[in-house]
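> Please read through the structure below; I'll follow up with questions.
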Amino acid sequence: MADELLALGQQILAAQPFSVLLGAELVSFTQGQVAMALPLKPEFGQQFGFAHGGVISFMADNALTFAGGSALGPDVLTAEYKINYVKPGRGERLIARSSVVTASSRQAICRCDIFAVREGVEYLCATALGTIAKRAGRNAENE
């Protein structure tokens, strides 16, 4: 079952052109938890050489949504999230670990911690909390 969920998650990630462009990778995906990784390329930096906040935010958004989707099914979207930047992200890669805090039939509240990996050592660079919701309908009027 865990391998099937990971394979499904990797399929969904591969269908996201922006995630593919950045090089995001789904490392693990189980019921209620996900881990994603992203190599930190020089192009992902800001003027001080740290990972751009938008790149870190992307990791939080995607990991939160994957975690929520594990509880609600794959037809979900991010309704909202809040992110706190703790330390500058620098190093070789980012790792986002997200889990479901609580879920109902329509939404899931999820938490995500984003770590930078520098010389093999992980340190927290941001934390986020978000609401993931089932998509309403599939017609243009609802989206």
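> Among the candidates 30, 102, 131, 65, which residue alone is of a type in the set (S, T, N, Q) and under 12 Å from the mean Cα position of the chain (by Cα)?
Residue meeting the stated conditions: 65.
> Among (1) of a type in the set (Phe, Trp, Tyr); (2) more than 18 Å from residue 35 (Cα to Cα); (3) surrounded by fewer than 17 Cβ atoms within 10 Å (Cβ to Cβ), there is one condition residue 123 misses while meeting the rest; what is its number?
(2)
> Could you check, for region 4-11, whether at least one of its residues is surrounded by 15 or more Cβ atoms within 10 Å (Cβ to Cβ), modelled with pLDDT under 95 and either in contact with a Cys (Cβ under 6 Å, 6 or more places away or on another chain) or of a type in the set (Gly, Ala, Ser) (or both)?
Yes; the residues of region 4-11 include at least one that is surrounded by 15 or more Cβ atoms within 10 Å (Cβ to Cβ), modelled with pLDDT under 95 and either in contact with a Cys (Cβ under 6 Å, 6 or more places away or on another chain) or of a type in the set (Gly, Ala, Ser) (or both).
> Scan region 86-108 for residues that are touching a helix residue (DSSP H, G or I) at 6+ places or on another chain (Cβ under 9 Å) and crowded, with 17+ Cβ neighbours inside 10 Å and report the count.
11
> Any chance region 29-37 includes a residue that's closer than 16 Å to residue 128 by Cβ, in contact with a strand residue (DSSP E or B) (Cβ under 7 Å, 6 or more places away or on another chain), of a type in the set (A, V, I, L, M, F, W, C) and crowded, with 21+ Cβ neighbours inside 10 Å?
yes
> So, residue 50, is that one over 21 Å from residue 100 (Cα atoms) and touching a Phe, Trp or Tyr at 6+ places or on another chain (Cβ under 9 Å) or not?
No; evaluated as a whole, the condition is false for this residue.
> Would you confirm whether or not region 56-76 contains a residue that is out of contact with any strand residue (DSSP E or B) (no Cβ under 9 Å at 6 or more places or on another chain), at pLDDT 95 or above and farther than 15 Å from residue 110 by Cα?
No, the conditions are met nowhere in region 56-76.
> Find all pairs meeting these conditions: Cβ atoms under 8 angstrom apart; at least six residues apart or on different chains; first residue within region 84-97 and free of Cβ contacts under 8 Å to residues at least 60 places away in the same chain and at negative phi; second residue outside any loop (DSSP other than H, G, I, E, B) and basic (Lys, Arg).
Note: pairs meeting the criteria are 90/118; 92/118.
> Looking only at residues that are assigned to a loop (DSSP other than H, G, I, E, B) and not aliphatic (A, V, I, L, M) in region 1-29, which one is nearest to residue 95 (Cα to Cα)?
23
The values are calculated or read from the model by the stated rules, or taken from the named source; none is laboratory data. Only a predicted model underlies this, so the values are computations on that prediction, with no experimental measurement involved. We place every Cβ from the backbone using ideal geometry, glycine too, and count neighbours over all the protein chains shown.
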